[in-house]
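The values are calculated or read from the model by the stated rules, or taken from the named source; none is laboratory data. Predicted model, so just to flag it, every value in this text is computed and none were measured. Using ideal geometry, Cβ is built from the backbone for each residue, glycine included, and neighbour counts are taken over all protein chains shown.
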Amino acid sequence: MKKEKSIKALKERIYSSIFSKRHRNAPKNFTRKRVFSLERLILFQLNFATKSLTVELNRYFNRISNNNETKSFSKQSYSEARMKMNHGAYIELYEELIKGFYSDDDYNKYKEYRLIAIRRGKLQMPNRASVVEEFGYAENQSNTIIPMAMSSTAYDILNHMVVDSTLENYKTDERTLADRHLDKIRELTPTVKDIILMDRGYPSLYLLAKMMVLGFDFVVRCDECEFYKRSKGICPK
């Protein structure tokens with residue numbers, strides 16, 4: 001029942017004209033009747049593709065009974081349509097999914113709490129100038145520039161759900177990323193009781209205070225000396 005309700009809500013959002021206007025890259029995009037409307041583009045990309053693009057396009061349009069249409073589809077028309085869409089569409093759809101999933105008590109909990117683990121990770125990016133400019137880089141021992149980005153995820157470990165995720169500049173520290181996660185978790189699921197789990201790179205007076213203000217319980221691994229250094233600039237030992 002819950003699955004059907006979530007699918008219905010997402011479908012209504014995808015086929016909404018307001019949604020289309022919000023996530024097109026230019027006002028003229030997706031206004032004329034084309035073989036790839038925004039909703040068709042999104043539904044195609046949500047398919048679990050296992051074959052080549054040509055094969056997957058044929059399978060998809062056969063499935064939606066496109067044979068009677070006069071306009072043809074191709075890899076080129078797909079690529080052109082994809083460039084007209086803003087990636088924010090998928091962020092909005094996923095956030096709608098998260099809201100629906102936690103809209104009732106029908107999910108796994110630990111003593112009435114949702115367990116959210118926040119963790120960052122480093123990702124090697126494609127070697128392009130625009131990517132390096134946006135996300136930054138690291139250098140190895142031979143001073144070779146390696147395009148890198150910093151990812152961070154707030155993960156519901158009992159329900160295997162990514163509640164929030166972000167990809168930022170490589171120099172962004174974990175505490176800044178965690179701060180953003182806390183705001184997004186409360187925005188999407190304001191009534192859920194949470195225990196936030198963090199590793200020893202995260203504790204700071206600011207984050208601990210913010211979690212208390214927002215009503216989170218938390219378990220944070222903490223190195224005593226490093227925490228004092230970060231908070232007061234000294235170590236008690």
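Overview of results
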read-out	value
In the range 95-132, the residues that are part of a loop (DSSP other than H, G, I, E, B), touching a strand residue (DSSP E or B) at 6+ places or on another chain (Cβ under 6 Å) and buried (at least 17 other Cβ atoms within 10 Å of the Cβ)	MET125
Subset of the range 1-31 (residues that are surrounded by fewer than 16 Cβ atoms within 10 Å (Cβ to Cβ), touching a residue at least 40 places away in the same chain (Cβ under 8 Å) and not small (Gly, Ala, Ser))	LYS2, LYS5, ARG22, ASN25
Test result for ILE196, over 18 Å from PHE101 (Cα atoms), without any contact (Cβ under 8 Å) to a residue 40 or more places away in the chain and not charged (D, E, K, R)	no
Per-region count, the range 199-214, residues in contact with a Phe, Trp or Tyr (Cβ under 8 Å, 6 or more places away or on another chain) and at pLDDT 95 or above	1
Listing of strands (runs of 3 or more DSSP E) fully contained in the range 139-215 that carry 2 or more residues being of a type in the set (D, E, K, R)	161-169
The range 168-205 - residue that is among the aliphatic types (A, V, I, L, M) and in contact with a helix residue (DSSP H, G or I) (Cβ under 9 Å, 6 or more places away or on another chain) and, of those, nearest to GLU95 (Cα to Cα)	LEU188
Residue check, ASP217 touching a Gly at 6+ places or on another chain (Cβ under 9 Å), within 24 Å of ASP104 (Cα to Cα) and modelled with pLDDT of 85 or more	no
Residue count for the range 125-184, restricted to those that are under 23 Å from ASN108 (Cα atoms) and either modelled with pLDDT under 90 or not assigned by TED's automatic domain parsing to the domain that holds ASP199 (or both)	0
Residue check, ARG34 touching a residue at least 24 places away in the same chain (Cβ under 8 Å), surrounded by 12 or more Cβ atoms within 10 Å (Cβ to Cβ) and touching a strand residue (DSSP E or B) at 6+ places or on another chain (Cβ under 7 Å)	no
Flag if MET83 is among the aliphatic types (A, V, I, L, M), touching a residue at least 12 places away in the same chain (Cβ under 8 Å) and not assigned by TED's automatic domain parsing to the domain that holds THR172	yes
Count of residues meeting criterion [in a helix (DSSP H, G or I) and loosely packed, with under 13 Cβ neighbours inside 10 Å] in the range 37-52	1
Cross-chain or 6+ apart pairs with Cβ under 8 Å, the range 210-224 first and more than 15 Å from VAL192 (Cα to Cα), then assigned to a strand (DSSP E or B)	VAL219/ILE195; VAL219/ILE196; VAL219/LEU197; VAL219/MET198; VAL220/ILE196; VAL220/LEU197; VAL220/MET198; ARG221/MET198
